[in-house]
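Structure provided below as structure tokens; questions to follow.
Nothing in this text is a laboratory measurement; each read-out follows from the coordinates by a stated rule. Please read all numbers here as calculations on a predicted model, not as lab measurements. Here the Cβ positions follow ideal geometry from the backbone for every residue, glycine too, while neighbour counts run over all protein chains shown.
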């Protein structure tokens, strides 16, 4: 594969048969332990009542957001959105606080609950097979998919392809490419023939979820200095006033004393 | 509480004696010479998957003597660069901690699982001794051989034929006899190929392609639907394939035949068939027109529970697509005794719309005619009849396919004679044959049981000697052809422990059985060289690239007029051979058995992460597999007072099992479904033992007399909640 | 310089001390298991519930109840209301012990506690948690400095005590600023969960809500801690001082109430008030118990002047506000699973051990240090 601008996945539910080859390929490629997985099925699969049924599933994994909340939230900056697409992890920095797990609107990151101090408990998630990207290979999940449900490429091109599919088959898909704008845009784009929440995908506005948080955080230092100045000011004013009162009270006593003495 | 058992580093397992980086192992050495592996010991080696019979080409990534990843070979037409979930999980089959890595000889009672390790010498000598003793006392025919389709099958058949036994059991009668025999009668070939590239309309009768995955065919189907092809799906269950269908028809089990006969009726009556094609290339049309007169959609509607208008409309739509319509012939067609008639009806449907050459093509079988083989003398004449009734009871069943369940039953009845030994290779008859109790009884009758397997599967568990085969990633097998290409299966890592290839095992046995003339190859590589002798391909080239293209001998065929290997040379709507034998020459309605009140049809089927009875111990597949539970329609369950996850007793005439219930919308109210492959009884399968229940405990043996096909869905069961004491 | 410590034999071997020591021992053992076998070995935390009892109780609640220190420091030092001095030292100690407890809890809850210092060298400046981390660390140091004079007086190093006392003001200002920041930031932590935290709680004003409620909690904590100490150590209750603090509470609570409901109205979230099932119950629970009841109670002079009225009002407020902290950090967050989390006894035992240690520390300080005296100005 030639080096290209920004990688993304396109997933099409109409092609997915829930075989889970992607999950097994990922587990083998990334040597994921038996009690963890970077990809999983999130929806309920069977929709409707007998005999009017539909099926839809999706291999759920990191969305590789353009504005990742994990990277915004991480106290030590262990998460980074790379220019070429993946949200990657620096496991030398992580302190295991798990704020990223709370911050992620897709509930993606997992934690190594079974590792003690010696083992070094870390956060785990899909990193777009960055080791494969380096040698010009697609992520393992995409590479193995027997039906072409998962494809990979440049983000804008995939968005165009997704819209093309919607236009070519107007009654087939929900008229929306999930991930085009959600959370400020993600690098995991989804076409679906059922409402996205049936796949386990949350409803998220185009504004990144970290927007308010980052705004507030950027105001911290200015606020701190301002508040410190205000408090100092108040303390000084209060003391000045109290001092003034003391002086006034002392003068009154002095006056009374001298009045006494002159009598 | 999260599980504290740390199952990390699953690739670093016991028994994996990977050599260090300093001394490159043999396998890597050869590959390195061929340019596959770099000096660091990393690279890709081309081989073939064995996780199912689709046998995709695999590129195995090796690193320091271990296989670390498997990927589909883009040059293999079945893989096209992809692998299904089982293919991806192949590393775990090779590194399964329950691998049998030394020959084992039983010390306890049969079925106790007590074995002692033995050397190959001792084990092979013991096997040969027993086989020869049986041959001497009872005749070679008293030794039964069974194996499931695999690349070394040719040498397995060589072994049994050289030994002189006619008794050969394969899994086929449990699977696709109905389809094969029907194709033979109609087209004169076992299986035509299907081309989805331009299909417009597909009828799938069962054939759950989305779950019974055949890598490239499944991909083709999905891509066809993606392009706009309409797919109609008949199945009492709403499977993942149903999820891709334009229409799911929840047909009553056993009545597919009625549906297809009605389709034929409409197409014939309303003259929607391809007149040109029918008159030129088929025989028996007029008789067909006569015989289907009664099979109206209205008639079929009462039987199938599908509305007559639907049947009529589908007939119109199907025929409107003309030669771009495809009625899939099915794969596992071992459902009802009338499945053979259903298969005949389907083949005729295809003939009526004239889709030969567009949708259906001459089968690209596994002809290795272009390849050579080691010289050998003629086989000894076998006088004894086969225990499985071929051909004396089942005249239409090919010898290579047989009727496996009949073989087992004849062992029990000792008619026409008793068997005394059973040799199994790459097969698990204890779990695959219907009515497991009877199978175990049959094994119990044996004087000697030997099994070749890579893991302590149930049949191995009940054996006297277990011979460890190297897994598919660790061995050479005879070359395979796909279309015009030769593909090689070669070791990507050194075999672990003492495991050896089947080619080596059979040759060793051959030498001890006095039939070494039939195994004239020095070793695996020599065998392959002899296979390659007539070609201009060297073994080294083949190992490096993984495949070699043969000359285009098939091209000329495409220009010839279509021809079928039938008595008439045409597609036989009316089968001359069937007529001659006194069977129905045209597809005719046969009323299937039906459950009585309170009973359910027990359905069977496949799952994407299982291959029959051999994959359930694979930890990777197990990790991503849904729990095996008995499917029951949610409303039906509620009416019986059953809740999701209740433990239930499932009982048939021949056995009972206990399993959890899954209350689902995705099944007819009169059916229950249990995924096969579970309920292993071998304690040597530490992951699979105790997991789920076996449907073979429940299955009653029914054999279709024409095709020898087992009717797996004719078993009916009652379901009761288990009261906890 | 001689160190003088009087060992009071009355402290030893009371049943309460035995209980506290037992709790601490059990927690210690459980913590050791955690360090060897991982958090999963002792807790019911899962990927869907990665923060649970420890974060809600030890972190959120722990930090909230340490707010008495900065309130008291503001009252005495910034507003120069010297009459409140008697309450200052124990408030600062409560805060100091409280923050130490938070840090200890973090050393158990963090996946890599041995890397806790990473926040000093790897800093992501968009992370609210970084701000909390730095502030808590710094503020604990400030509290140590604010409390040091008491220790120095206790061991009779008067000169050191006086030295700190002379330069206390900058530390007080710093302390109040740091407190404001991290009390509000605990609310800000949830700003990044607009889709997961229920609309009855999520608002861009979360930091303001948390600060405003921290002021109320701080006032209530001073009342609560004074009431308990007076009972435990047989001292008189400074009811006249507490009455004044209690008088401020209806105003503080009122401001909080206006902020809360004003924000809900502005965001159009009134629709959720009664229609959200369990969430509605939890919301009204915290409002009624934590805001309305104490607000109403402390309007009455009779209540403000009665020791039991003061205690009851404070406890009610604290319970309601603790419920608020639990709601924001745990109960009101939507999860990707139907399986409900409940802490294991081992999880609770860690928190109980830390809490017991805190009580024990406070008791020791009360016995051996001049906690209830105050320096003359």
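Could you tell me whether the protein assembly as shown comes out rounded, prolate or oblate from its Cα gyration tensor? Rule is a ≥ b ≥ c as square roots of the eigenvalues, rounded for a/c under 1.5, then prolate if a/b exceeds b/c, otherwise oblate.
Here the protein assembly as shown falls in the prolate category.
Still on this structure: Any chance you could run the full-extension gain for residue A:243 through residue A:80? It's 0.36 nm times the residue separation minus the Cα-Cα distance, nm to one decimal.
53.1 nm
Next up: From the mean inverse distance of alpha carbon pairs (Kirkwood) and the Cα radius of gyration, derive Rg over Rh for region B:77-121.
Values: Rg = 16.9 Å, Rh = 13.6 Å.
In region B:77-121, Rg relative to Rh is 1.24.
Further, regarding this structure: Any idea how far the Cα center of region B:587-623 sits from the one of region B:383-444, in Å?
If you average the Cα positions of each part, the centres end up 22 Å apart.
So, how do all the Cα-to-Cα distances of region C:132-197 break down into 10 Å bins, in percent, from 0 on up?
Answer for region C:132-197: a P(r) of 21, 36, 23, 12, 6, 1 percent.
Using Cβ contacts closer than 10 Å as the measure, can you line up A:157, A:134 from fewest to most?
A:134, A:157
Report Rg (one decimal) and Dmax (nearest whole number) for region B:126-252, counting Cα atoms only, units Å.
Answer for region B:126-252, Rg first and Dmax second: 21.0, 64 Å.
Sticking with this one: Using only the alpha-carbon atoms, what does chain C span along each of its principal axes? Please give whole angstrom values in decreasing order.
Projected onto its principal axes, the Cα set of chain C covers 62, 54, 43 Å.
Using the Cα atoms of region B:357-443 to build a convex hull, what is its mean projected area in square nanometres? Could the numbers behind the result be given before it?
Working: hull surface 37.4 nm².
Averaged projected hull area, Cα only: 9.4 nm².
Shape call for region A:7-216 from the C-alpha gyration tensor, a ≥ b ≥ c root eigenvalues: rounded (a/c under 1.5), prolate (a/b greater than b/c) or oblate?
prolate
Please list log₁₀ I(q)/I(0) at q = 0.12, 0.13 Å⁻¹ for region C:253-377, using the Debye equation with identical point scatterers on the alpha-carbon positions.
Taken in order of the listed q values, log10 I(q)/I(0) reads -0.73, -0.82.
What share of Cα pairs, in percent, lie more than 19 angstrom apart in region C:85-231?
The share of Cα pairs beyond 19 Å in region C:85-231 comes to 62 percent.
Take every residue in peptide A:117-124, count the Cβ atoms of other chains within 10 Å of its Cβ, and give the average of those counts. Walk me through the numbers on the way to the answer.
Details: counts 9, 4, 5, 4, 7, 2, 3, 1.
Going residue by residue through A:117-124 and averaging, the value is 4.
In which sequence would A:186, A:151 go, from the one with the fewest C-beta neighbours within 10 Å to the one with the most?
Numbers: A:186 25, A:151 18.
By the 10 Å Cβ count, ascending: A:151, A:186.
Can you tell me the Rg and Dmax of region B:138-182, counting just the alpha carbons, in angstroms?
Cα only, region B:138-182: 11.9, 36 Å (Rg, Dmax).
Let me ask another. Based on the alpha carbons, how large is the Rg to Rh ratio for region B:59-162 when Rh follows Kirkwood? Each step should come with its number before you reach the end.
Values: Rg = 19.2 Å, Rh = 17.7 Å.
My calculation of the ratio gives 1.09.
Which percentage, to the nearest 5, of the DSSP beta bridges contained in the protein assembly as shown is antiparallel?
Rounded to the nearest five, the antiparallel share is 60 percent.
Within region B:383-486, what percent of beta bridges assigned by DSSP are antiparallel, to the nearest 5?
Values: 2 of 11 bridges.
Close to 20 percent.
Of all the C-alpha pairs in region B:666-725, what % are more than 19 Å from each other? Can you show the working numbers first?
Numbers: 897 of 1770 pairs.
That fraction is 51 percent.
Moving to a separate point now. Please compute one quarter of the surface area of the Cα convex hull for region B:185-327 and express it in square nanometres.
For region B:185-327, averaging the hull's shadow over all directions gives 8.7 nm².
So what's the gap between the Cα centers of region C:26-41 and region C:326-377, to the nearest angstrom?
Going from one Cα centre to the other spans 18 Å.
Hey, got the Cα dimensions of region A:220-262 along the principal axes, in Å, largest first?
61, 6, 5
Which of A:21, A:140, A:249 ends up with the largest GNM mean-square fluctuation for chain A, with Cα atoms connected below 10 Å?
The residue with the greatest mean-square fluctuation here is A:249.
From the square roots a ≥ b ≥ c of the eigenvalues of the alpha-carbon gyration tensor of region B:600-721, which class results: rounded (a/c under 1.5), prolate (a/b over b/c), or oblate?
oblate
For region B:600-721, give me the percentage of DSSP beta bridges that are antiparallel, rounded to the nearest 5 percent. Provide the component values of the computation, followed by the final result.
Working: 14 of 21 bridges.
In region B:600-721, DSSP labels about 65 percent of beta bridges as antiparallel.
Let me ask you something else. Two decimals is fine: what is log10 I(q)/I(0) at q = 0.08, 0.13, 0.15 Å⁻¹ for region B:503-659, from a Debye sum with one equal scatterer on every Cα and no solvent?
-0.69, -1.06, -1.03
Same structure, new question: Please report, in cubic angstrom per residue, the volume enclosed by the convex hull of the alpha-carbon atoms of chain B. Display every interim value, and only then the final one.
Values: hull volume 120.8 nm³, N = 725.
About 167 Å³ per residue, rounded to a whole number.
With just the Cα atoms defining each centre, how far is region A:214-263 from region B:637-698? Give it in Å.
Each part's Cα centre sits 83 Å from the other's.
Most exposed first by the Cβ proxy, i.e. fewest other Cβ within 10 Å, how do B:348, C:339 rank?
C:339, B:348
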